[in-house]
Amino acid sequence: MFLAWRELVFARARFGLMGGVVALIATLVVVLSGLSSGLVNDGVSGLQRLPVTAFAFAEGTKTDSAFSRSTVNVDQAKAWKSRADVGDATPFGNMLVNAKAVTADGVQVPIDLALFGVEPGSFLAPAVSAGAGLGAPDGIVVSQTVLEHGLAIGDTVVIDRLGTRLKVVGTTGDQRTFGHVDVAYLPLRSWQQVHAGAGPGDEVRDGAYAEATAIALRARDGNRIDLPGGDAAAGTTSMTLKESFGASPGYSAETATLTLIQVFLYAISALVVGTFFTVWTIQRKHELAVIRAMGSSTGYLMRDTMIQAAVILTVSTAVGFLIGVGGGTLLTTTPMPFALEVPPLVLAALLLIGLGLAGAAAAVGRIVRVDPLAALGGQR
């Protein structure tokens, strides 16, 4: 350790430059982690906050677009609910609409909404932080983020083309979005009318009140739902709640892209750290040979190098994360979907340090085992 600390002080400029590169990589990792968490929240937070174990869609529905393609019969919920491993099952409606919000002052604000049709009083009915819950046929409970568009409880939302008027009666206390669109809960029967394309006074087509997007399933306490068995009995195709995130618009493509970028960043970090210690160890090859000739073991030299790498990586990663978190707090006040969450950041820091250490060990492992006599020029 004495040699490691002396070299860190003696070659502080070179180690500082290396640390600066790692800090920049760490800052970029924080930004990408925040973007990943933000996109997930903006894409599927509405689904994440549903007390659902799984969804059952129409049989044969493509999994990557299930919420936009599936139509089930509400009677299929009875088949699921009768199973011993299912605690509850209820129809669930999902669709995206364009609308105009009419404020108390008469101002019209264009707004997009993800309509979640649920049975009032069912386990899907949202808890409200302000206002009233679902009950009135034209009443909707909206995500907290809708209020940022200038809406308030008591305002009216008019759905484009149909002219259906819905009144904001309550709001959730958190963000609930689907496909980057704010969620509005409404009674299932009202959702079925909108889904059928029936405006005020229009006749609803036959069978519209028997339709839903999916069957929301909740497992009985202590049980695990037999999804294949339930699908066979009800004629559906089911997936767990987490699997259903991939059916949200753009979710799979966005998360896969950012994950791939992060993977490359980790690989670049390991390569950069490994390259630096390769060059640094080659430059002090003769010094290492002298130490080996004096009786030091390969393990001692490896520990010496790994201590240097650990110090650089830990300090640089900490500095980079502080810069990234500081800048990230500013991004959270912008419309950009950005969210800093502790678990992903901790995992990112551990990966960055761990892969950097692996790169350093792989780079210097062969060099520190060099024959002392050959390194000192004894072959001449």
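The values are calculated or read from the model by the stated rules, or taken from the named source; none is laboratory data. As the structure is a prediction and not an experimental result, all values here were calculated from the model. Every residue, glycine as well, gets a Cβ built from its backbone with ideal geometry; the counts of neighbours run over all protein chains shown. Accessible surface areas use protein heavy atoms only, side chains included; no ligands, DNA or RNA. Shrake-Rupley method; radii C 1.70, N 1.55, O 1.52, S 1.80 Å.
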Give 99, 89 a once-over and let me know the one that is in a strand (DSSP E or B) and within 30 Å of residue 232 (Cα to Cα).
-> 89
Single residue of segment 46-73 satisfying the filter (surrounded by fewer than 19 Cβ atoms within 10 Å (Cβ to Cβ) and of a type in the set (Ser, Thr, Tyr)) that is nearest to residue 350 (Cα to Cα) | 63
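So is residue 356 in a helix (DSSP H, G or I), free of Cβ contacts under 8 Å to residues at least 24 places away in the same chain, among the small types (Gly, Ala, Ser) and open to solvent by less than 40 Å² (accessible area, probe 1.4 Å) or not?
Values: in a helix (DSSP H, G or I): yes; free of Cβ contacts under 8 Å to residues at least 24 places away in the same chain: no; among the small types (Gly, Ala, Ser): yes; open to solvent by less than 40 Å² (accessible area, probe 1.4 Å): yes.
So residue 356 fails the test.
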In segment 147-161, anything of a type in the set (A, V, I, L, M) and without any contact (Cβ under 8 Å) to a residue 40 or more places away in the chain is listed as 147, 153
Of the residues that sit in segment 63-80 and are within 20 Å of residue 44 (Cβ to Cβ) and hydroxyl-bearing (Ser, Thr, Tyr), which one is modelled with the highest pLDDT?
-> 70
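Among residues belonging to segment 169-178 that are open to solvent by 10 Å² or more (accessible area, probe 1.4 Å) and in contact with a Gly (Cβ under 6 Å, 6 or more places away or on another chain), point out the one that is nearest to residue 112 (Cα to Cα).
Quick first cut of segment 169-178, residues open to solvent by 10 Å² or more (accessible area, probe 1.4 Å) only: 169, 173-176.
Next, only the ones that are in contact with a Gly (Cβ under 6 Å, 6 or more places away or on another chain) stay: 169, 176.
Values: 169: 18, 176: 13 Å.
Top of the filtered list is 176.
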For segment 257-266, what are the residues that are over 16 Å from residue 42 (Cβ atoms) and open to solvent by 60 Å² or more (accessible area, probe 1.4 Å)?
-> 259, 260, 261, 263, 264
If you go through segment 254-266 one residue at a time, do you hit one that is under 30 Å from residue 54 (Cβ atoms), part of a helix (DSSP H, G or I) and among the aromatic types (Phe, Trp, Tyr)?
-> no
Exactly one of 246, 274 is surrounded by 14 or more Cβ atoms within 10 Å (Cβ to Cβ), within 17 Å of residue 70 (Cβ to Cβ) and either more than 28 Å from the chain's Cα centre (by Cα) or not hydroxyl-bearing (Ser, Thr, Tyr) (or both), and that residue is 246
Filter segment 301-344 for residues that are in contact with a helix residue (DSSP H, G or I) (Cβ under 6 Å, 6 or more places away or on another chain), part of a helix (DSSP H, G or I), open to solvent by less than 40 Å² (accessible area, probe 1.4 Å) and under 30 Å from residue 251 (Cβ atoms) and give the result.
-> 317, 320, 321, 324, 328
Can you tell me which residue among 113, 124 is open to solvent by less than 10 Å² (accessible area, probe 1.4 Å), touching a residue at least 12 places away in the same chain (Cβ under 8 Å), assigned to a loop (DSSP other than H, G, I, E, B) and in contact with a strand residue (DSSP E or B) (Cβ under 7 Å, 6 or more places away or on another chain)?
-> 124
Flag if residue 172 is in contact with a strand residue (DSSP E or B) (Cβ under 6 Å, 6 or more places away or on another chain) and among the polar types (S, T, N, Q) = no
Considering only segment 117-139, state which residues are within 27 Å of the chain's Cα centre (by Cα) and within 24 Å of residue 54 (Cα to Cα).
-> 117, 118, 123, 124, 125, 126, 127, 128
